[in-house]
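The values are calculated or read from the model by the stated rules, or taken from the named source; none is laboratory data. Please read all numbers here as calculations on a predicted model, not as lab measurements. Counting neighbours? That spans all protein chains shown, and the Cβs are built from the backbone with ideal geometry, glycine included. Accessible surface is based on the protein model in full, side chains and every heavy atom, while ligands, DNA and RNA are left aside. Shrake-Rupley method; radii C 1.70, N 1.55, O 1.52, S 1.80 Å.
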Amino acid sequence: MKLVIAIPHRFPLWDAPTWFGERLRAEFPDLQVVQLSTYENLEREIADADIALCRELKPKQIRAAKKLKWIYSAAAAIHALMIPEIIHSDIIVTNASAVHGPVVAEHALAMMLAIGRRIDLAVKAQVRHQWTQEEIWVSRPGPRDIAGSTVVLVGLGQIGTPLVRHAKALGMRVIAVREHPERGAEGADVVHATRDLLQVLPQADFVVLCAPVTSETQRAFGREQFAAMKPDAYILNVGRGALIDEPALIEALREHRIGGAALDVTTEEPLPADSPLWDLDNCMITPHTAGISPKLWERQYAYFTKNLRRFLAGQPLLGLIDKTKGY
């Protein structure tokens, strides 16, 4: 059996370290492991591979993969793999949202605390060597109590579920919105169906987007949703930039129709230097760092090998993607 690992990336952390393949060879001696540092030879190597560990594959690579049975996405988002050649095949797709979710939830919590307590303004003032105690107090929106505030979580998967626990520990009221509310509230105070989003948005002090990208969720958060938010409420995105209609967001921020935004992801990444988002005083940006962790690849290895053993034993896999839904 053959495994091809092909996830080279401009950001080194997203690329599998060399020890990943070496440890697999030692632990699974009957498995042929090919770890590629570029995509150059992927079409040739995937031709007789049973498993591919990657983030995306092109149609010609799928057509070349005559034996491929399982694609393990090292990312949480798998929309790059949802191409017709994969969707309409017998290839199983799983993702690594269980690996990334907990640390992304921590990042979302940090963003809520930072903008809720207006630490973002204090950091900007520090760069200018200014003591802005009064300015922060009179800012709009100003610092607020986190305890007793309401957060609406859009998505209740591997990010949203731990975020419920964090928010409740701080005394927040949590409203969850998910496509299938019958699956449960996961500890939230109440759970609603996605179709009810516009009805619950007026209650939110914070709205956190952590839903998967599908044909239904792309640019789904736009003018109508911003209009339903309170004028001092914040929108946070730790999912994918494609979830937000970015021109509509820029318009809402410029006109101060919402309190502000905290974005870890944007429509285009890296965010272009001329993007209006950089200069908006009510927008905080982190450069897609929510998933960064020194433990990332150790967790990735543990999760992948757990799934690999299940695959070799013919057992159901963890993180299985419904290719008809895209998540």
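Quick check: anything in the range 109-119 open to solvent by less than 50 Å² (accessible area, probe 1.4 Å), of a type in the set (D, E, K, R) and part of a helix (DSSP H, G or I)? No, there is no match, as no residue in the range 109-119 is open to solvent by less than 50 Å² (accessible area, probe 1.4 Å), of a type in the set (D, E, K, R) and part of a helix (DSSP H, G or I).
Inside the range 1-25, residues that are assigned to a helix (DSSP H, G or I) and open to solvent by 90 Å² or more (accessible area, probe 1.4 Å) make up a count of 4.
Residues checked against (1) out of contact with any Lys or Arg (no Cβ under 8 Å at 6 or more places or on another chain); (2) basic (K, R); (3) open to solvent by 40 Å² or more (accessible area, probe 1.4 Å); (4) over 20 Å from M111 (Cβ atoms):
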position	(1), (2), (3), (4)
I159	yes, no, no, no
V164	yes, no, no, no
A169	yes, no, yes, no
V177	yes, no, no, no
D205	no, no, no, no
V208	yes, no, no, no
Y234	yes, no, no, no
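Among the residues making up the range 270-283, those that are modelled with pLDDT of 95 or more, open to solvent by 40 Å² or more (accessible area, probe 1.4 Å) and more than 18 Å from R55 (Cα to Cα) are A273, D274, P276, W278, D279. Entry remark, the range 26-50: residues being under 26 Å from A313 (Cβ atoms), open to solvent by 90 Å² or more (accessible area, probe 1.4 Å) and among the acidic types (D, E) number 1 in total. Here R299, R257, R310 are screened, and the one residue that is surrounded by fewer than 17 Cβ atoms within 10 Å (Cβ to Cβ), in contact with a helix residue (DSSP H, G or I) (Cβ under 7 Å, 6 or more places away or on another chain) and assigned to a helix (DSSP H, G or I) is R299. Could you tell me whether any residue of the range 120-140 is under 25 Å from the mean Cα position of the chain (by Cα), surrounded by 14 or more Cβ atoms within 10 Å (Cβ to Cβ) and not β-branched (V, I, T)? Scanning the range 120-140 turns up at least one residue that is under 25 Å from the mean Cα position of the chain (by Cα), surrounded by 14 or more Cβ atoms within 10 Å (Cβ to Cβ) and not β-branched (V, I, T). Just one of the listed residues (P247, P294) is without any contact (Cβ under 8 Å) to a residue 40 or more places away in the chain, part of a loop (DSSP other than H, G, I, E, B) and either small (G, A, S) or open to solvent by 60 Å² or more (accessible area, probe 1.4 Å) (or both), namely P294.
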